[in-house]
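What follows is one structure encoded as structure tokens, with my remarks underneath.
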Amino acid sequence: MQAPSKAASIVVPTYREADNLPTLVKRVFAAAGEAAIEAEMIIVDDDSRDGTADVVATLADRYPVRLITRVDERGLSSAVLRGFSEASFDRFVVLDADLQHPPEIVPALLTRLDEKPCDFVSATRYAGSGGIVEDWPWHRRVTSLVAKWMARPLTPLSDPLSGCFALPRHVWERVDHLNPIGYKIALELYVKGRCHDPGEVPIRFETRKAGESKLTGAVMWRYVRHLAALYSYRFPWLSWAGVGVLFVLAAWAVAAWLTRC
Ligand SMILES: Nc1nc2c(ncn2[C@@H]2O[C@H](COP(=O)(O)OP(=O)(O)OP(=O)(O)O)[C@@H](O)[C@H]2O)c(=O)[nH]1
Ligand SMILES: [Mg+2]
């Protein structure tokens, strides 16, 4: 829309995060204020019914925070896209509500985004001084590493599954068709936004401060389906290669059967 030099729309998808929101909002706006960033926060909630609406109404008296409550749609990724469509500024930042991403990272993400050329910035647990708090469970570490490895051919980002990232509005606008399944909207935007100049900012990834994780086996399965869709988008020849392999295998099976007869 417009471009006051250091303005940004901060989009936060939420489902049952009422207990985390006061701290999140306070810390985000303290960090933005210190860095002289004009920020707005758009919270996209999927009808949590945990008091989120009251909490945000109270916060909105002091901070430029807006709540969008969706009743007919669910999902983290589509919530993020809805937030973009309501944003007033030309730079977007996405953060989880549960304080696993330190809110003080926002100015650093925007500074990195302004270093040209740069069309996408991701907070990373896996590069530079980035890391993960010690008590993050080992099975989550393994899952995260395997999932990251599976996305490797699609992006050079060291933490492509990060839920904390920043991008300019024009990258989102130039994508023809987004497929917001699963949790990994950053990967979707990076691949389909045809980003070439990524930046990274290391973070220390914390454990969630309150509320419960929404990461389930179904979410992981959706990630696999999402990856398959992104692979066929990015490498369309793979589908043909797959058909070719099936054809060769079928021909080989028929030949083997004929020779036996
Ligand atoms: N609007 C919306 N937000 C969601 C939905 N699922 C998760 N979220 C939010 O997306 C963010 C990330 O979800 P988490 O459950 O923390 O997932 P995670 O960080 O991968 O998993 P943990 O490490 O276990 O916390 C949080 O702010 C959630 O409230 C959803 O269906 N709709
Ligand atoms: Mg979380």
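Taken together, the values in this text are just the output of simple stated rules run on the coordinates, not laboratory data. Worth saying up front: this structure is predicted, and the values here are computed from it rather than measured. In this analysis, Cβ positions are derived from the backbone assuming ideal geometry, glycine residues included, and neighbour counts consider all displayed protein chains.
Neighbour counts of other Cβ atoms within 10 Å put Ser78, Ser9, Ser85 in the fewest-to-most order Ser85, Ser78, Ser9. Annotation: amide H of Thr14 within the under-5 Å range of Val44, Asp45, Asp46, sequence separation 5 or more or interchain, hydrogens built in the peptide plane.
Largest GNM mean-square fluctuation across Thr69, Thr143, Thr52, computed for the chain with C-alpha springs under 10 Å, falls on Thr143.
Put in line by how crowded their Cβ is, counting other Cβ atoms within 10 Å and starting with the fewest, Arg234, Arg49 read Arg49, Arg234.
The label-point distance for Leu215 and Asp61, in a model that sets each label 7 Å from Cα toward Cβ, rounds to 3.7 nm.
Convex hull volume per residue, computed on the Cα atoms of the range 51-138, equals 165 Å³. With the simple spin-label model, which puts each label point 7 Å out from Cα in the Cβ direction, the Arg225 to Arg140 separation comes to 2.5 nm.
Residues Arg152, Arg70, Arg16, ranked from the fewest to the most other C-beta atoms within 10 Å, line up as Arg152, Arg70, Arg16.
The C-alpha atoms of the chain define a longest principal axis, and helix 21-34 lies at about 80 degrees to it. For the chain, modelled as a GNM whose springs connect Cα atoms under 10 angstrom apart, the maximal fluctuation among Val171, Val219, Val248 occurs at Val248. Here the chain yields Rg over Rh of 1.05, to two decimals, using C-alpha coordinates and the Kirkwood radius. Our helix-only sum for the chain, with -39,500 (n - 2.57) per DSSP H run of n ≥ 4 divided by its residues, gives a mean residue ellipticity at 222 nm of -13000 deg cm²/dmol. The 3J(HN,Hα) values that the Karplus relation (6.51, -1.76, 1.60; θ = phi - 60°) gives for the range 140-157 are, in residue order, 5, 5, 5, 4, 5, 5, 5, 4, 5, 4, 5, 8, 3, x, 8, 7, x, 4 Hz. Gly and Pro appear as x. How long is the gain from Glu115 to Ser48 if the chain were fully straight, where each residue apart is worth 0.36 nm and the alpha carbon distance is subtracted? Computed gain between Glu115 and Ser48 is 20.3 nm. Exposed loop sites are taken as GluC sites (Glu not before Pro) in a DSSP loop (any state but H, G, I, E or B) with at most 10 other beta carbon atoms within 10 Å; the longest stretch of the chain without one runs 1-114. Taking Val28, Val133, Val245 in turn, the Gaussian network model of the chain (Cα-Cα springs below 10 Å) assigns the largest fluctuation to Val245. Within the straight-line cut-off of under 20 Å between alpha carbons, the lysines reachable from Lys6 are Lys26, Lys116, sequence neighbours fewer than 8 places apart in one chain being disregarded.
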